Structures are given as C-alpha cells and as structure tokens.
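Below is one structure, written out as structure tokens, with a few remarks after it.
No value in this document is a laboratory result; all are computed from the given coordinates. Nothing here was measured: the structure is a model prediction, and the numbers come from that model. Every residue, glycine as well, gets a Cβ built from its backbone with ideal geometry; the counts of neighbours run over all protein chains shown.
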C-alpha cells in the first residue's frame with residue numbers, strides 16, 4: 001500500500017471498533033469463564049475422600065486459586081498482572 005493511503009480498516013470509526021471489541025469479548029469470554037469454572041470444580045474434587053492432602057498442600061491450592069482470581073480482578077481494573085504457575089509444596 002502506498003504511503004499516506006489509508007486502508008479500509010483505518011477509516012472505521014471509534015464506535016465501530018468499540019462495537020467489534022465488545023462483540024469479540026462476548027464471543028470469547030463466556031466459554032473461557034465456563035472452562036475456568038469447570039477446571040476449578042475439578043480441582044475441588046481433589047478434596048474428596050479418594051485423596052489425602054496435608055494442611056500445607058490444601059492451603060497452597062486455595063492460595064493459588066485466590067491469587068489467580070485476584071489477578072483477574074486486577075486486570076479488569078486496568079492493572080496488568082500475571083499469575084505464576086503452581087506446584088505443591090515439597
């Protein structure tokens with residue numbers, strides 16, 4: 001494309017771009033939240049009688065999940081945080 005010539009995308013209004021971003025959010029957010037809820041539910045199954053964990057391990061799991069949720073809240077508030085991975089204490 002020649003310098004100074006705008007593409008069709010560059011002519012879209014801010015309102016159009018905002019609407020596309022909202023639609024994109026709605027499209028991807030619901031399945032991602034449902035997937036996260038299912039994953040958390042599966043973690044909760046580790047608390048069943050089929051498994052045994054120490055109090056330190058239980059606290060580590062809950063803290064990791066709480067930290068991840070706090071990071072999501074922070075990101076929706078405009079802060080950029082990323083949760084590190086998780087491993088059980090030795």
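From its DSSP helices (H runs of at least four residues, each -39,500 (n - 2.57)), the chain gives a residue-normalised ellipticity at 222 nm of -21000 deg cm²/dmol.
When only alpha carbons are used to place a centre, region 13-36 and region 68-90 end up 21 Å from one another. Both radii were evaluated on the Cα set of the chain; the Rg over Rh quotient, with Rh as the Kirkwood radius, amounts to 1.23.
Helix 14-44 and the longest principal axis of the Cα set of the chain meet at an angle near 10°. Listing 86, 76 from fewest to most neighbouring C-beta atoms within 10 Å gives 76, 86.
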